[in-house]
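First comes the structure, then the notes that go with it.
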Amino acid sequence: MGEVKVLGSWSSPYGLRVQWALGLKSVEYEYIDEDLLNKSQMLLKYNPVHKKIPVLVHNGKPIAESAVILEYIEETWPQQHPLLPKDPYERAMVRFWINFLDNKDKVAPFMTFFTGVGEEHKKAVNEAKELLKLYEEQVLGEKKYFGGEEIGMLDLAMGWMAYFGVIEEIVDVKILDAETFPRLHAWIQNFRAHPVIKNNLPDHDRLLQNYTEKRQRFLAYSPHTENA
Amino acid sequence: MAGELVLLDFWPSPFGMRSRIALAEKGIPYEYREEDLRNKSDLLLQMNPVHKKIPVLIHNGKPVCESVIQVQYIDEVWHDKAPLIPSDPYQRAVARFWVDFIDKKIYELGSKIWKTKGEEQANAKKEFIECLKLLEGELGDKTYFGGESLGYVDVALVPFYSWFYAYEKCGDFSIEAECPKMIAWVKRCMQKESVAKSLPDQEKVYEFILQLKKIFGIE
């Protein structure tokens, strides 16, 4: 159904959402990896407003913002692996939670978990745990996936959790543990095992190396670093 | 199909206005309930426990929170009357992109204009105008962002017009002087009853802002 390109970045969960959606719907696409420190002319042309990935280009027409792209993918390839429920109220709930978890205030604790130290870090750990509790108890509940029996749009948006373990390894603090969050833990195993997801996760060793370097830089520049 | 429809709202909220306009465009009757945000009702806290914010649209007892989600929900349930979101997937994506842009920029920048002074305010004004100009570019020669009829982007953006006078007074600038096309578009929207009846008077909003500034101790 035409030419599909995805401009993404190897470790970005926002880009991966788009790749996963296309994979689940068996849509072929060309993946273009962007170096975010040296953005291509193509990226600047296709997303002049935000200059960010991901961008989906379908028959030469670009779409930016991962949540917008996911809705487009669902509408353009509706038959294969539907990502949204049919009922308008259930759809509204999915959109509500994607909107919620994408909000910068809800992303921040997990970012600070990685970049912060000392008091700031402790605060982030507490906030992150509260959010995880909400996601486990109120959003996932007893379901296998956020989408029910099958992976849906909200699972894709929650996909960052699937490789959050690497971040925990580097920071040497575990928050998403199986005892405290058994359902989220089970979800991660199921999600990661799905053939489309399994073949499209950032390389563990590359993540480890890359993010370890990043963490060292944050620690080196932070005025609050405690002595090891 | 209508069932029982209640909108928990607060008169100056541009977000509440979006749902008001959407419901009015489609001629859907509903009960409007004014919330006192310093004394939130039990119903609000029960229906939106996560954010405790308005607007909340309650349809047959079930809450839909977040104005952009409400407008999409309204459009899906009452899809045969005055559709707001385009039917073509690409046009829908474009509309959603600009609504996301409006949500990321306009409210926050507008808030900075009335809340701050000096360099911070100057930067906010500059960026605010730049955003409006980008939106003017997207509007182009169209009557509305939605083309010949009011669409999703129109509904998402026009409520902020009720705050323009307040921004202009606080920021000492003229939005019309910088963005005449935007104001021309606003005037076209205001000719529609659904919009005119959903937006409060600009002077009232300005008085409200002045009160807020007093309460927060902002000069």
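Residues that are part of a helix (DSSP H, G or I) and among the basic types (Lys, Arg) within the stretch B:179-212 comprise B:LYS181, B:LYS187, B:ARG188, B:LYS204, listed in sequence order.
For a quick check of your reading: which helices (runs of 4 or more DSSP H) sit entirely within the stretch A:125-228 and have at least 2 residues that are farther than 20 Å from A:SER11 by Cβ and at pLDDT 95 or above? Break it down stepwise before answering.
Details: elements: A:153-157, A:164-171, A:182-193, A:195-198, A:204-221.
Output list reads A:153-157, A:182-193.
Take the residues in the stretch A:48-65 that are part of a loop (DSSP other than H, G, I, E, B) and in contact (Cβ under 8 Å) with a residue 40 or more places away in the chain, then tell me which one is farthest from the other protein chains (Cβ to nearest Cβ). So that I can check it myself, show each step before the final result.
Residues of the stretch A:48-65 part of a loop (DSSP other than H, G, I, E, B): A:48-54, A:59-60, A:65.
From what is left, the residues that are in contact (Cβ under 8 Å) with a residue 40 or more places away in the chain are A:53-54, A:59-60.
Working: A:ILE53: 14, A:PRO54: 13, A:ASN59: 9, A:GLY60: 11 Å.
This residue is A:ILE53.
Please determine whether any residue of the stretch A:1-14 is surrounded by 21 or more Cβ atoms within 10 Å (Cβ to Cβ), in contact (Cβ under 8 Å) with a residue 60 or more places away in the chain and of a type in the set (A, V, I, L, M, F, W, C). Checked the stretch A:1-14: no residue is surrounded by 21 or more Cβ atoms within 10 Å (Cβ to Cβ), in contact (Cβ under 8 Å) with a residue 60 or more places away in the chain and of a type in the set (A, V, I, L, M, F, W, C). Does the stretch A:88-100 include one or more residues that are surrounded by fewer than 17 Cβ atoms within 10 Å (Cβ to Cβ) and either under 28 Å from A:THR212 (Cα atoms) or modelled with pLDDT of 95 or more (or both)? Yes; the residues of the stretch A:88-100 include at least one that is surrounded by fewer than 17 Cβ atoms within 10 Å (Cβ to Cβ) and either under 28 Å from A:THR212 (Cα atoms) or modelled with pLDDT of 95 or more (or both).
Within the stretch A:69-87, the set of residues being outside any loop (DSSP other than H, G, I, E, B) and surrounded by 21 or more Cβ atoms within 10 Å (Cβ to Cβ) comprises A:ILE69, A:LEU70, A:GLU71, A:TYR72, A:ILE73.
Looking across the stretch A:72-92, the residues that are at the interface with another protein chain (Cβ under 7 Å from one of its Cβ atoms) and in contact (Cβ under 8 Å) with a residue 12 or more places away in the chain come down to A:TYR72, A:THR76.
The residue of the stretch B:71-106 that is farthest from the other protein chains (Cβ to nearest Cβ), among those that are among the aliphatic types (A, V, I, L, M) and more than 16 Å from B:PHE15 (Cβ to Cβ), is B:ALA82.
Does B:ALA122 qualify as being surrounded by fewer than 18 Cβ atoms within 10 Å (Cβ to Cβ) and modelled with pLDDT of 95 or more? Talk me through it step by step, then tell me what you get.
Working: surrounded by fewer than 18 Cβ atoms within 10 Å (Cβ to Cβ): yes; modelled with pLDDT of 95 or more: yes.
Yes; evaluated as a whole, the condition is true for this residue.
The residues of the stretch A:126-163 that are under 14 Å from A:GLU90 (Cα atoms) and away from chain B (no Cβ under 14 Å), listed by number, are A:LEU140, A:PHE146, A:GLY147, A:GLY148, A:GLY152. Could you tell me whether any residue of the stretch B:51-70 is within 14 Å of another protein chain (Cβ to nearest Cβ), under 29 Å from B:ILE215 (Cα atoms) and surrounded by fewer than 18 Cβ atoms within 10 Å (Cβ to Cβ)? Yes, there is a match, as at least one residue in the stretch B:51-70 is within 14 Å of another protein chain (Cβ to nearest Cβ), under 29 Å from B:ILE215 (Cα atoms) and surrounded by fewer than 18 Cβ atoms within 10 Å (Cβ to Cβ).
The values are calculated or read from the model by the stated rules, or taken from the named source; none is laboratory data. None of these values were measured; they are calculated from a predicted model. Note: ideal-geometry Cβ built from the backbone for every residue, glycine included; neighbour counts use all protein chains shown.
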